[in-house]
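Report on the structure given below.
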Protein chains: 2
Amino acid sequence: MSFDRLIAKIIETKNPTVVGLDPRLDYVPEFIKQECFAKDGQTLKAAANAIFTFNKMIIDEIYDIVPAIKPQAAYYEMYGFYGVEALVKTIAYAREKGMFVITDGKRNDIGATMEAYTTAHLGTVMVGDTECEPFGADALTVNGYLGTDGIAPLLKVCSEKDKGIFVLVKTSNKSSGELQDKLIGETPVYAVMGDMCENWGSEQIGEYGYSSVGAVVGATYPDQLTELRKRLPHTMFLVPGYGAQGGGAQGIAGAFDEKGLGAIVNSSRAIMCAYKNEENCPEQDFAKAARREAVRMKEDITAYINLK
Amino acid sequence: MSFDRLIAKIIETKNPTVVGLDPRLDYVPEFIKQECFAKDGQTLKAAANAIFTFNKMIIDEIYDIVPAIKPQAAYYEMYGFYGVEALVKTIAYAREKGMFVITDGKRNDIGATMEAYTTAHLGTVMVGDTECEPFGADALTVNGYLGTDGIAPLLKVCSEKDKGIFVLVKTSNKSSGELQDKLIGETPVYAVMGDMCENWGSEQIGEYGYSSVGAVVGATYPDQLTELRKRLPHTMFLVPGYGAQGGGAQGIAGAFDEKGLGAIVNSSRAIMCAYKNEENCPEQDFAKAARREAVRMKEDITAYINLK
């Protein structure tokens, strides 16, 4: 009913970062792809198996030093229902290894339909009198454009099953301001959405002071990160846009509180493709390269914050 | 590169409605469920098979009189990757029968990730040198909170593969006004989003005058439907909230232009569960009851508009 489990993992690993698993087939080393193609041909099934193998090998190398993974649903859907099966298997494998799993789905709908998304990603569904877990993540990213009707079903499951959500507040992309920076009275849309997050989470605050309702705030907007950290004291931040998109560690420091908590910073491609960026790294060592980049990122981020 | 294919189907069937296939297992008649449970036990696989059988039998009864279906992704994800397989099969079956398929996924993200969603739902993906179609819908609902970065990848595929999108503008739920009705200067957020739709679609306008970028506007807000119809002359409307949520046919009439075009009205549960609402309808006749409700809805809606 809060982000306590995630925060405890962050403190345990002294690492406020999350590895985004957004695996395009291009990122997967040839030796994995060729093995899967040999078995199932050039099919969506083979692509999905290659992706799961890739994810599994990365998880094996990082689970002891990184608290969480963030699989991005789009990259799995891109390979059809076999891809979605690879997502389910990735979530299960990471949780088996003790990692916290944030499914990045940016889901949104209302009423009974939002209940269905909540059940899908965070809950369980009854089939006859058997309880089944469809995806089983620990947290889900969501879009709050539809208002409380779209968030209420999530709050119920967060409370009952100790799960969390991250609501899009100020996204990392260049055109995020087209709507999010527009002023409602004197308050930008993103701050109005942020206030809604504080409100939605107000009855589910954990022992570290953060609720089960977090916010997505981009590393590319350091001023807004700092402003929102002050404005939203009980809202945990998920911070995309570090590295590739241009967000630096110093600018991100404003997302954290005085104890170095309150935020988790994502990196996806830089970690998945570390073996392509290192000089002379054989592709067989892709997972070890991913670990090296995860360590580098941890040191980069924690140099500017007070996490003990 | 516009909604011409959908509009042509609407004119052919003289029916501006779409059947929402949002199948909770509760909606599926016992005889279908028991057959699937007997084969695969009380599993997500059995649930998914039951849902596909249910959808298929409804499609068989309505494909000649209804132009489109709108499967809601949440209800398939609720049954895990087997559920997602049922979505893929439902889309393929409806298209085989000549229906236009709108996947209601309300997807949203930025850049490469939004490209992945676009590829997943409307495009094709390369696996090695083989081109695969992951979901294959004709149109997708999306959320525009992230701005142009989240929409641009869709526009490219709409143009290249003759697909369409519906962006959430004014949703049908009670709390939609929490953000959507707030004023930016003198313009409500929903109208700002509507203007963005007109802008995004401005280079993809078809022979009926509508672009490939539509808008979701709820039947529960008749004044806004009428206002937005005038404000957004090239934007096709997808109108949820008819019936169960309280939107009446007379109020919806404002969503249509003077030719009775420019909007398509959704009904989900009233059609899927028509057999439960009719007196003395045996559950074996659920699909025929769905057809009767589809006919009733068509007559109700077209009584107030000028579709010839």
Item to complete: Compute the separation of the alpha-carbon centres of the stretch A:120-137 and the stretch B:215-289 and state it in Å as a whole number.
Response: 31
Worksheet entry | Local electrostatic count at residue B:68 - Lys and Arg +1, Asp and Glu -1, tallied over other residues with Cβ under 12 Å | +2
Discussion item. Counting other C-beta atoms within 10 Å, and keeping those with at most 14, which DSSP coil trypsin sites (Lys or Arg not before Pro) do you find in the stretch B:187-285?
Written reply: B:259
Worksheet item: Counting Lys and Arg as +1 and Asp and Glu as -1, each charge on the Cβ, what is the dipole of the stretch A:88-207 about the Cα centre in debye, to the nearest 20?
Response: 460
Worksheet item: Once Rh for chain B is found with the Kirkwood sum over Cα pairs, what is the Stokes-Einstein diffusion coefficient at 4 °C and 1.567 mPa s, in µm²/s?
Response: 66
Worksheet item: Quick one: Kirkwood hydrodynamic radius for the protein assembly as shown, alpha-carbon pairs, angstrom, one decimal?
Response: 24.5
Discussion item. Whole angstrom only: what separates the Cα centroid of the stretch B:139-210 from the Cα centroid of the stretch A:85-103?
Written reply: 34
Response to the item:
Among beta bridges assigned by DSSP with both residues in chain A, the antiparallel ones amount in percent, to the nearest 5, to 20
Worksheet entry | Chains A and B, summed buried accessible surface - 1.4 Å probe, Å², nearest 100 | 5500
Worksheet, complete the sentence: With only helices counted (DSSP H, runs n ≥ 4, each -39500 (n - 2.57)), the per-residue ellipticity at 222 nm for chain A, to the nearest 500, works out to -14000 deg cm²/dmol
Fill in: Lys, Arg +1 and Asp, Glu -1 on Cβ, resulting dipole of chain B about Cα centre, debye, nearest 20
420
Fill in: At most 13 other Cβ within 10 Å, DSSP loop - GluC sites (Glu not before Pro), the stretch A:186-222
A:186, A:203, A:207
Practice prompt. From the C-alpha gyration tensor of the stretch A:40-127, pull out the three semi-axes of the equivalent ellipsoid (sqrt of 5λ each), sorted largest to smallest, in whole Å.
Written response: 23, 19, 11
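Filter the chymotrypsin sites (Phe, Trp or Tyr not before Pro) in the stretch B:101-164 to those in DSSP coil with at most 11 other Cβ atoms within 10 Å of their Cβ, and list the result.
Nothing satisfies the criteria.
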Practice prompt. Add +1 for every Lys or Arg and -1 for every Asp or Glu among the other residues with Cβ under 11 Å from the Cβ of residue B:10, and state the total.
Written response: +3
Response to the item:
GNM on chain B, Cα springs under 10 Å; top mean-square fluctuation among B:183, B:87, B:168 goes to B:183
Worksheet item: Among all helices in chain B defined by DSSP H, which have a length of 20 Å or more along the axis from Cα atoms plus a Kyte-Doolittle mean of at least -0.5?
Response: B:44-62, B:80-96
Worksheet entry | Square roots of five times the Cα gyration tensor eigenvalues for the stretch A:99-205, Å | 28, 14, 12
Worksheet item: In what sequence, largest accessible area first, do A:88, A:28 appear using a 1.4 Å probe?
Response: A:88, A:28
Worksheet item: Here are some pairs, A:259/B:182; A:9/A:56; B:33/B:89; A:106/B:170; which of them have Cα atoms lying more than 29 Å apart in this structure?
Response: A:259/B:182
Discussion item. Just to confirm a number: summing +1 for Lys and Arg and -1 for Asp and Glu over residues other than residue B:221 whose beta-carbon lies under 10 angstrom from that of residue B:221, what do you get?
Written reply: -2
Response to the item:
Between the residues A:142, A:91, A:41, the Cα farthest towards the positive end of the dipole of the stretch A:1-160, that dipole coming from +1 and -1 charges on the beta-carbon of Lys, Arg, Asp and Glu, is from A:41
Item to complete: Over the stretch B:1-86, average the accessible area per residue using a 1.4 Å probe and give it in Å², no decimals.
Response: 31
Practice prompt. Might you work out the accessible area of residue A:172 for me, using a 1.4 Å probe with all protein chains in place, and round it to the nearest 10 Å²?
Written response: 10
Discussion item. Please check: in the Gaussian network model of chain A (C-alpha springs, under 10 Å), which one of A:280, A:108, A:55 has the largest mean-square fluctuation.
Written reply: A:280
Item to complete: Using a Gaussian network model of chain B whose springs link C-alpha atoms within less than 10 Å, name the residue from B:184, B:264, B:32 with the highest mean-square fluctuation.
Response: B:184
Practice prompt. Give the relative contact order (percent, whole number) for the stretch A:177-308; include only Cα pairs under 8 Å separated by 6+ residues.
Written response: 18
Response to the item:
Computed curve, the stretch B:138-285, Cα-only Debye sum without solvent term, log₁₀ I(q)/I(0) at 0.17, 0.21 Å⁻¹, is -0.93, -1.29
Item to complete: Count, for each residue of A:189-198, the Cβ atoms from other chains sitting within 10 Å of its Cβ, then give me the mean as a whole number.
Response: 2
Worksheet item: Roughly how big is the protein assembly as shown's charge dipole about its Cα centre, with Cβ charges of +1 (Lys, Arg) and -1 (Asp, Glu), in debye to the nearest 20?
Response: 0
Worksheet item: Quick one: what does P(r) look like for the stretch B:1-156 with 5 Å bins over all Cα pairs, in whole %?
Response: 2, 9, 17, 19, 18, 16, 11, 6, 2, 0
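The values are calculated or read from the model by the stated rules, or taken from the named source; none is laboratory data. Here the structure is a predicted model, which means the values were calculated and not measured. Cβ: placed from backbone, ideal geometry, glycine included. Neighbour counts: every protein chain shown. Side chains are part of the model used for accessible areas, which takes the heavy atoms of the whole protein and leaves out ligands, DNA and RNA. Shrake-Rupley method; radii C 1.70, N 1.55, O 1.52, S 1.80 Å.
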